[in-house]
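Structure, as structure tokens:
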């Protein structure tokens, strides 16, 4: 039987599917490479994750869509961040976000952005965004002008992982008229070393 | 500086204390409110506003001597300090202090496994040792012992033990397996309990009781001292290990399953902390609520049945394991199998029957002391990350299990939440753990979760059920339910507090124990 995730990957063409675990090379990469280019991680099967990864490639050090085993991911991040903490942007289920946030604290990193995305039965998407005031206001404007918020988040990863202003929350709905093509309730988030972070 | 200061502490007093602490631990290990890392000390997963428990600062010592100096500074400056080991008891408040403005004393840098004795089977650990650290240490040194971990593999050995946490091997009652304790008192002096008080004794981690009153329990779920070391007994790796699961078709089977299980537990045929878990606890590994309903309220019985059928999950699911010599395990298995076959429709499952099943896999790993994070999948049931645990104790009887199950589910449904619960069966009692999952991005849902929890405390207490552990925001409410004889127990706790910490600087409000003259109302 072909899994829905395989179909999504095949359709996207651009992204690489990695079943069950993230390759260590993705997390560790080349230590000492370009300072603030974030890594980007999207969980397969979420509505918008493929668009996020495609859009993020230009500004990310590495960008992957993948199934995630949280035990393996946290183990790998723990090893990598012990050597070199670096910004990470994610679009995942809630459990992964909670665990990454907790791990980040141990490595001198802070949560700099959180987003909640909830596709409703009427085709609208409810967003709650918390982060740098200018950044989340910009996201709100752009989300309202186009329904593809995965793409917009992907384009803004540098801003969202290196924000430095006053934090604020925005809470709004965007009518799309479409049903999501994937899991419909999930979070996006960003953690960054304190040199670039502002607590939210 | 913008943070809310500790109650009754001036800006100057606070700044002076922070400067003194910086001299002890170094600048980078005193985190104040203009440092983004302070946000990592918030309780972001409970139903109350994070500001209500936001720390004014965090201080991270690296040694017992530094802890002593920090406590002395806190004492002389009258700064309340809230100690955490790793701060990862997420459902109970995480790294946050009881009330806004308290300074977190973060002990995670003290993360050494100080000793593992393979002949006598014990370890001595510092506060910051996490389950993964401990597991890796044992693996690296190829030691013939298992650790016992909580379901939260990111958690810490000492913090969980001091908060009366449990694990899933035969050594799952963590406090029972703790032996010997080192404590920094509120004046900065250092005390060792039990045999540790005798100079030159090597029995600190071997004999709990020493001479005179046995006092280790005073330093658990309390604020009478800062624990900086504990001894732990380790479970030898058994020659045979047989994890199993029994699925039950009906919710009413909980009665018979509990009744039949109790003799197996009391006679130590099943020696580990066995679990009876409800359908939705299991289902959250495979699906989300949103895939079954987009409306408000708890899922109806008809939907629960469909979920059970689709994923081949029992309405209740019993997990336990047998340990020991292979011949003994096989003999005991005959007894276990015969016992559960008495329940109509019970399906007995072994590991080979469920290869690749994440629910069986993570339970089996926990029952052999292998830390993992799979159970966090519960957070995806509704999404949004909000969760608080309601954890009443009851006798391990069928009547009590059914009574608690119905009572708690009724209250959950009144507030629009699904019942997601399990019973952790101890020596003769059971911990009933309700995972109250809510979307923390939804203010109404968060408020309902808070109100639901408050009603659960009252309803449980009216039936004679009390919680064994709780979230920061409900510590006072639960302490007040233990009020027999005009609140004699809480009064005694507060008298001990006054004797051991007259300045009231150690974790004010922990488990309802406030310093004299400081009440929850005045603090808030």
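Miscellaneous remarks
- Among residues of the stretch B:26-39, those that are surrounded by fewer than 20 Cβ atoms within 10 Å (Cβ to Cβ) and more than 8 Å from chain A (Cβ to nearest Cβ), counted: 6
- Some residue of the stretch B:156-172 being within 14 Å of chain A (Cβ to nearest Cβ), touching a strand residue (DSSP E or B) at 6+ places or on another chain (Cβ under 9 Å) and either within 26 Å of residue B:277 (Cβ to Cβ) or in a loop (DSSP other than H, G, I, E, B) (or both): yes
- Residue in the stretch B:340-355 that is surrounded by 14 or more Cβ atoms within 10 Å (Cβ to Cβ), at negative phi and free of Cβ contacts under 8 Å to residues at least 60 places away in the same chain present: no
- Residues that are within 14 Å of chain A (Cβ to nearest Cβ) and assigned to a loop (DSSP other than H, G, I, E, B) were ranked within the stretch B:128-149; the one that is nearest to residue B:373 (Cα to Cα) is B:149.
- Within the set B:67, B:9, the sole residue that is more than 14 Å from chain A (Cβ to nearest Cβ) and within 25 Å of residue B:127 (Cα to Cα) turns out to be B:67.
- Considering the stretch A:107-122, and only residues there that are within 7 Å of another protein chain (Cβ to nearest Cβ) and buried (at least 22 other Cβ atoms within 10 Å of the Cβ), the residue that is modelled with the lowest pLDDT turns out to be A:110.
- Residue A:170 being within 12 Å of chain B (Cβ to nearest Cβ), within 17 Å of residue A:194 (Cβ to Cβ) and in contact with a helix residue (DSSP H, G or I) (Cβ under 9 Å, 6 or more places away or on another chain): no
- Hey, residue B:416 crowded, with 21+ Cβ neighbours inside 10 Å, more than 14 Å from residue B:251 (Cβ to Cβ) and over 16 Å from the mean Cα position of the chain (by Cα) or not: no
Let's see how each residue does on (1) in contact (Cβ under 8 Å) with a residue 60 or more places away in the chain; (2) farther than 21 Å from residue B:87 by Cα:
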site	(1), (2)
B:171	yes, yes
B:174	no, no
B:179	no, yes
B:187	yes, yes
B:200	no, yes
B:218	yes, no
B:224	yes, no
B:227	yes, no
B:230	yes, no
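- Conditions (1) modelled with pLDDT of 95 or more; (2) more than 17 Å from residue B:275 (Cα to Cα); number of the one not met by residue B:367: (2)
- For residue B:51: the one exception among (1) under 26 Å from residue B:445 (Cβ atoms); (2) within 22 Å of the chain's Cα centre (by Cα); (3) within 14 Å of chain A (Cβ to nearest Cβ): (2)
- Residue B:291 assigned by TED's automatic domain parsing to the domain that holds residue B:357, more than 28 Å from the chain's Cα centre (by Cα) and without any contact (Cβ under 8 Å) to a residue 24 or more places away in the chain: yes
- Filtered residue count, the stretch B:342-388, keeping only those that are in contact with a strand residue (DSSP E or B) (Cβ under 7 Å, 6 or more places away or on another chain) and within 22 Å of residue B:146 (Cα to Cα): 8
- Those residues of the stretch B:269-285 which are in a loop (DSSP other than H, G, I, E, B) and either at pLDDT 95 or above or within 12 Å of chain A (Cβ to nearest Cβ) (or both), in sequence order: B:269, B:270, B:271, B:272, B:284, B:285
- With respect to the stated conditions, residue A:131 fails to be touching a helix residue (DSSP H, G or I) at 6+ places or on another chain (Cβ under 9 Å), modelled with pLDDT of 95 or more, in a strand (DSSP E or B) and within 14 Å of chain B (Cβ to nearest Cβ).
- Total residues in the stretch B:371-398 satisfying the condition of being within 11 Å of chain A (Cβ to nearest Cβ) and surrounded by 21 or more Cβ atoms within 10 Å (Cβ to Cβ): the figure is 16.
- Considering the stretch A:83-95, and only residues there that are more than 17 Å from residue B:371 (Cβ to Cβ) and within 12 Å of another protein chain (Cβ to nearest Cβ), the residue that is surrounded by the fewest Cβ atoms within 10 Å (Cβ to Cβ) turns out to be A:85.
- Pairing residues of the stretch A:63-74 that are within 9 Å of chain B (Cβ to nearest Cβ) and without any contact (Cβ under 8 Å) to a residue 24 or more places away in the chain with residues that are crowded, with 23+ Cβ neighbours inside 10 Å and part of a loop (DSSP other than H, G, I, E, B), at Cβ distances under 9 Å and at least 6 apart in sequence or on separate chains, gives A:71/B:153; A:71/B:371; A:71/B:372; A:71/B:373.
The values are calculated or read from the model by the stated rules, or taken from the named source; none is laboratory data. Note that this is a predicted model, so its numbers are computed, not measured. Because the Cβ atoms are built from the backbone with ideal geometry, glycine has one as well, and the counts that use them run over all protein chains shown.
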